[in-house]
Amino acid sequence: MNLEVLEKNERKLVFVISEISIEIANAIRRIILTEIPVFAIEEVIILKNDSPLYDEIVAHRLGMIPLKTDLEHYNLPRDCECGGFGCPLCQVSLTCEVNNDTNKTIVVYSGDLNSNDPNIVPVHDKIPILKIDKGSKIIIECYAILGLAKDNIRFSAVSNCFYRYYPVIEFDQSKIKDIEEKTLIAKSCPEKLYELSNNSLKLKNDYWKTCTLCKACEDNSSNDAIKLGWKEDTYIFSIESDGQHSFDVLIKKTFDIFLEKIDEFTENLEEIEIQ
Ligand SMILES: [Zn+2]
């Protein structure tokens, strides 16, 4: 397996992965989308809510706030010694008490949540939760746990994860009959990957980064001047994160889970053989 990182920042990772089958690529994608544990608010106790929003809506909004996650010091409730009842190894409490003693309406943000663990806090401070009028108050107590996106989407570790084929375009300008056809090809590409200058049509070198394999160029050319294809066993992965995990943790955890699943499979297979 070969890996080349094309783009990496706090929120986005794009890489080319080669020499793997599509089944493995898809298994990686599915693990990232559904199996990486992240913290999210599970239980909300509303002691006072003077805002115009119903308690249920406030609870829902709190549940969707992405929280920074620490996998080293916390367990999934079902794997915890407490049996999922809730203890300091599987649960974090967050409280929010805001008293509007100003003369105007104020917004209560995710940054107003106080966590009992400074490592488990909202990723962003400025996510609006609700508004309260002057003289109003809210008092909320919440409990966050680790969970998996396959159980509920608020435990999603990423906002998007997909892969696409690595495009390969065979382009032979000498087979294009006239300037009209060249203009048509250049105009037809939605990603503007062809450049026409001095009657010469050029395909950008890094076309594979943005080509969507839409076939518009192939459909508008004749004499097999353009042939669209893709590389075998090579995929371009894009992952967009909400910030709960760094990409290093996310990728490492993905492969840990992948190997656990293979172990589980071989163990079950051995049991079947013994029977
Ligand atoms: Zn516990």
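Restricting attention to the stretch 6-55, which residues are open to solvent by 80 Å² or more (accessible area, probe 1.4 Å) and without any contact (Cβ under 8 Å) to a residue 12 or more places away in the chain? Break it down stepwise before answering.
Within the stretch 6-55, the subset open to solvent by 80 Å² or more (accessible area, probe 1.4 Å) is 8, 10, 19, 23, 30, 42-43, 47-48, 52, 54.
Correct list: Glu23, Arg30, Tyr54.
Across the stretch 199-209, a minimum of one residue is classified as open to solvent by 30 Å² or more (accessible area, probe 1.4 Å) and within 24 Å of the chain's Cα centre (by Cα).
Just to be sure, is Arg30 within 24 Å of Ser238 (Cα to Cα), away from the ligand (no atom under 16 Å from the Cβ), outside any strand (DSSP E or B) and modelled with pLDDT of 95 or more? First the steps, then the outcome.
Values: within 24 Å of Ser238 (Cα to Cα): yes; away from the ligand (no atom under 16 Å from the Cβ): yes; outside any strand (DSSP E or B): yes; modelled with pLDDT of 95 or more: yes.
So Arg30 passes the test.
For the condition open to solvent by less than 50 Å² (accessible area, probe 1.4 Å), within 16 Å of the ligand (Cβ to nearest atom) and in contact with a Ser or Thr (Cβ under 8 Å, 6 or more places away or on another chain), what is the one hit in Ile120, Ile138, Ile145? Can you show your working first?
Numbers: Ile138 fails: within 16 Å of the ligand (Cβ to nearest atom); Ile145 fails: in contact with a Ser or Thr (Cβ under 8 Å, 6 or more places away or on another chain).
Going through Ile120, Ile138, Ile145 in turn, just one is open to solvent by less than 50 Å² (accessible area, probe 1.4 Å), within 16 Å of the ligand (Cβ to nearest atom) and in contact with a Ser or Thr (Cβ under 8 Å, 6 or more places away or on another chain): Ile120.
Which of the residues spanning the stretch 50-87 are more than 8 Å from the ligand (Cβ to nearest atom), hydrophobic (A, V, I, L, M, F, W, C), farther than 19 Å from Asn114 by Cα and not in a helix (DSSP H, G or I)? Before you say what the answer is, go through the steps one by one.
Step one: filter the stretch 50-87 for residues more than 8 Å from the ligand (Cβ to nearest atom), giving 50-74, 76, 78-79.
Going one step further and asking which of them are hydrophobic (A, V, I, L, M, F, W, C), we end up with 53, 57-59, 62, 64-65, 67, 71, 76.
Filter once more, so that each one left must be farther than 19 Å from Asn114 by Cα: 53, 57, 71, 76.
Residues satisfying the conditions are Leu53, Leu71, Leu76.
Residues of the stretch 32-91 that are over 27 Å from Asp248 (Cα atoms) and either of a type in the set (Gly, Ala, Ser) or in contact with a helix residue (DSSP H, G or I) (Cβ under 6 Å, 6 or more places away or on another chain) (or both): Val44, Ile46, Asn49, Ser51, Ala59, Gly83, Gly84, Gly86. Residues in the stretch 246-255 that are β-branched (Val, Ile, Thr) and open to solvent by less than 20 Å² (accessible area, probe 1.4 Å): Thr254 only.
Annotation: Tyr166 fulfils all but one of (1) at pLDDT 95 or above; (2) surrounded by 15 or more Cβ atoms within 10 Å (Cβ to Cβ); (3) in contact with a Phe, Trp or Tyr (Cβ under 9 Å, 6 or more places away or on another chain); the unmet one is (1). Within the stretch 251-274, no residue that is farther than 30 Å from Glu240 by Cα sits with its Cβ atom under 6 Å from a residue that is modelled with pLDDT of 95 or more and open to solvent by less than 90 Å² (accessible area, probe 1.4 Å) at 6+ positions apart or across chains. Annotation: of all residues in the stretch 213-245 being open to solvent by 50 Å² or more (accessible area, probe 1.4 Å) and either outside any loop (DSSP other than H, G, I, E, B) or free of Cβ contacts under 8 Å to residues at least 24 places away in the same chain (or both), the one that is nearest to Val158 (Cα to Cα) is Glu240.
Mind checking which residues of the stretch 88-110 are of a type in the set (A, V, I, L, M, F, W, C), within 16 Å of the ligand (Cβ to nearest atom) and outside any loop (DSSP other than H, G, I, E, B)?
Residues of the stretch 88-110 that are of a type in the set (A, V, I, L, M, F, W, C), as a first pass: 89-90, 92, 94, 96, 98, 106-108.
Narrowing further to those that are within 16 Å of the ligand (Cβ to nearest atom): 89-90, 92.
The one that is of a type in the set (A, V, I, L, M, F, W, C), within 16 Å of the ligand (Cβ to nearest atom) and outside any loop (DSSP other than H, G, I, E, B): Val92.
The values are calculated or read from the model by the stated rules, or taken from the named source; none is laboratory data. Keep in mind that this is a model prediction, so the values were computed, not measured. In this analysis, Cβ positions are derived from the backbone assuming ideal geometry, glycine residues included, and neighbour counts consider all displayed protein chains. Only protein heavy atoms, including side chains, enter the accessible area calculation; ligands, DNA and RNA are left aside. Shrake-Rupley method; radii C 1.70, N 1.55, O 1.52, S 1.80 Å.
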